[in-house]
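Here the structure comes first, spelled out in structure tokens, and everything after it is commentary.
The values are calculated or read from the model by the stated rules, or taken from the named source; none is laboratory data. It should be emphasised that the depicted structure is a prediction, and the values quoted were computed from it without experimental measurement. As a convention, Cβ positions derive from the backbone with ideal geometry for all residues, glycine included, and neighbour counts pool all protein chains shown.
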Amino acid sequence: MNPRQGEGGAAALPGIFSRSLAALRAQHTPAHVAVAFSGGLDSTVLLHLAARYCAQAGATLSAFHVHHGLSPNANAWLTHCAAAAAALQLPFHAQHVTVSAAGKGTEAGARTARYAALGGLCREHGVDMLLTAHHLDDQAETVLLQLLRGSGPAGLAGMERCHRAPGLLGTADVWLARPLLDASRARLEAWAAAQGLAWVEDESNAETRYTRNALRHGALPELARVFPGYQQRLARAAAHAQSAQRLLDELADQDLQTGLGADGSLDCAWLRALSVDRANNALRRWFHARGLQMPSTAWLAELLAQALSAREDAQLRVTHPACELRRHRDRLHIVPRRSTEELAPVTLHWQGEAALAVPDFGGILHVDSAEQGIDPEWLRTHPLTLAAPRGSAMLKLAANRPSRSLKHHYQAGSIPPWERARLPVVYAGNALLYAAGLGMDYRFLNASPGVVLRWSFSA
């Protein structure tokens, strides 16, 4: 064992942890801290170090445990964790989850479920900083895995010491912190042995069908033999990548100040003027700001090729797992993915309600009082049909304006094609009364007070 990681190194661990957590708390000032406590070696060391520190600092600390139900020992682990927290006189809360492996595998599914549960526990118990037990060896493994996947600087930057992770935790109000990133697993193990701590062993850690375990039990021991201390070197490389990524983010933010519109769209003419690398950097930052999965280099190349070279009247549509990219009037828009199937018409009978919910169309048809409107008694006796729009349908918006097709009105109102398809229209028989996003047909409005229709999408 390396002397720095042996008994003497173990003795330094509380100081390493205290300095790290004190710096994190000074920077982010949490009121309530929690430890993600699985019962394994790493989180057991973290819990004991955090308990010591918080007792001295007068900070509030809780222990959170996630029961995945994947192991026959899961119930025993839960019992062990509850007892360990009780021995330290810490509040303990557990959450049972169901792991879905669909489309991403058990390992990724468990991680998604675990962090979502931890985020829920943080919200429920008022925790604003969650500590995880990731250490120096974990950081090295992460950097190597990202390198083998062909990742760029963002991936090679590895794990951050402290950041907000709304995509993982389901909330932007919690800091996710890793105060053990400077300590090796060997140092944690030596300290746990010196303290006489007990922990559980997850049998899945020996299963090399999982990528990280395969690396941990196969390549890394040989790497340690040839390059002793490789963990510190990879951690330094991650720090350099983090620095490079910060510079790239600053450049992207400066670029987006020019190319980003008030509606969140990007100017395609501005994108064309950038180099490919700079355009890709700005696009990645654009996606990050929207909380979307980072696109691959190949996907970005396809997007740029289509967005910047397609003819002006082309109905551009590039799909992403979480959204679609559309172009309108030479601007690029991120829009939600929607079904291309036309919704079936819905018949409504108004009986004086202020609003009629239409779940099939994802919104509400409001009936508002107006100085000039439809006679309410007439509306009560005429069934309404709410349907998808037809571009050829005619609508007259004002007395001094001609009757025009919906397509004409949409174009005049700069309503993008993908928005038109989701804006319903309302008929009484064969007569078009109202078009969402445009307004009432003037020919049905009386000079006397009445009611008018208004559409809003559900939150």
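Condition check for Arg380 on (1) more than 19 Å from Phe457 (Cβ to Cβ); (2) surrounded by 14 or more Cβ atoms within 10 Å (Cβ to Cβ): one failure, at (2). Strands (runs of 3 or more DSSP E) fully within the range 334-405 that include at least 1 residues being assigned by TED's automatic domain parsing to the domain that holds Met440, free of Cβ contacts under 8 Å to residues at least 12 places away in the same chain and among the hydrophobic types (A, V, I, L, M, F, W, C): 355-358. In the range 82-108, the residue that is farthest from the chain's Cα centre (by Cα) out of those that are modelled with pLDDT of 90 or more and small (Gly, Ala, Ser) is Ala87. Taking the criterion of being out of contact with any Gly (no Cβ under 9 Å at 6 or more places or on another chain), exposed (fewer than 14 other Cβ atoms within 10 Å of the Cβ) and not in a helix (DSSP H, G or I), the residues of the range 183-228 that qualify are Gly196, Ala198, Glu207, Arg209, Phe227, Pro228. Condition first: in a helix (DSSP H, G or I) and under 30 Å from Ser275 (Cβ atoms). Can you find one or more residues in the range 161-175 that meet it? The answer is yes, given that some residue of the range 161-175 is in a helix (DSSP H, G or I) and under 30 Å from Ser275 (Cβ atoms). Scanning the range 224-239 for residues that are free of Cβ contacts under 8 Å to residues at least 40 places away in the same chain and closer than 13 Å to Leu144 by Cβ returns Ala224, Phe227, Arg233. Applying a threshold of 6 Å to beta carbon distances and a minimum spacing of six or more residues, or different chains, the list of pairs starting in the range 80-97 at a residue that is of a type in the set (Gly, Ala, Ser) and ending at one that is surrounded by 13 or more Cβ atoms within 10 Å (Cβ to Cβ) reads Ala82/Phe92; Ala85/Ala63; Ala85/Phe92; Ala94/His65; Ala94/His67; Ala94/Leu78. Looking across the range 375-398 at every residue that is touching an Asp or Glu at 6+ places or on another chain (Cβ under 7 Å) and aliphatic (A, V, I, L, M), the one that is modelled with the lowest pLDDT is identified as Ala388. Examine the range 424-441 for a residue that is over 29 Å from Arg331 (Cα atoms), in contact (Cβ under 8 Å) with a residue 12 or more places away in the chain and part of a loop (DSSP other than H, G, I, E, B), and state whether such a residue exists. The answer is yes, given that some residue of the range 424-441 is over 29 Å from Arg331 (Cα atoms), in contact (Cβ under 8 Å) with a residue 12 or more places away in the chain and part of a loop (DSSP other than H, G, I, E, B). In the range 240-262, the residue that is surrounded by the most Cβ atoms within 10 Å (Cβ to Cβ) out of those that are in contact (Cβ under 8 Å) with a residue 40 or more places away in the chain and either of a type outside the set (S, T, N, Q) or in contact with a Gly (Cβ under 6 Å, 6 or more places away or on another chain) (or both) is Ala241. Within the range 200-221, residues that are assigned by TED's automatic domain parsing to the domain that holds Gly105 have Cβ atoms under 8 Å from residues that are small (Gly, Ala, Ser) and part of a helix (DSSP H, G or I) in these pairs: Val200/Ala76; Thr208/Ala214; Thr208/Gly218; Tyr210/Ser204; Asn213/Ser204; Asn213/Ala206; His217/Ala206; Leu220/Ala140, counting only partners at least 6 apart in sequence or on another chain.
When Ala355 is tested against (1) in contact with a helix residue (DSSP H, G or I) (Cβ under 6 Å, 6 or more places away or on another chain); (2) within 30 Å of Trp455 (Cβ to Cβ), just one condition goes unmet, and that condition is (1). Residues of the range 226-264 that are polar (S, T, N, Q) and either touching a strand residue (DSSP E or B) at 6+ places or on another chain (Cβ under 8 Å) or within 26 Å of Asp330 (Cβ to Cβ) (or both): Gln254, Gln257, Thr258. Looking only at the range 106-120, decide whether some residue is closer than 16 Å to Ala34 by Cβ, among the acidic types (Asp, Glu) and assigned by TED's automatic domain parsing to the domain that holds Pro166. Within the range 106-120 (the criterion being closer than 16 Å to Ala34 by Cβ, among the acidic types (Asp, Glu) and assigned by TED's automatic domain parsing to the domain that holds Pro166), the answer is no, since none of the residues qualifies.
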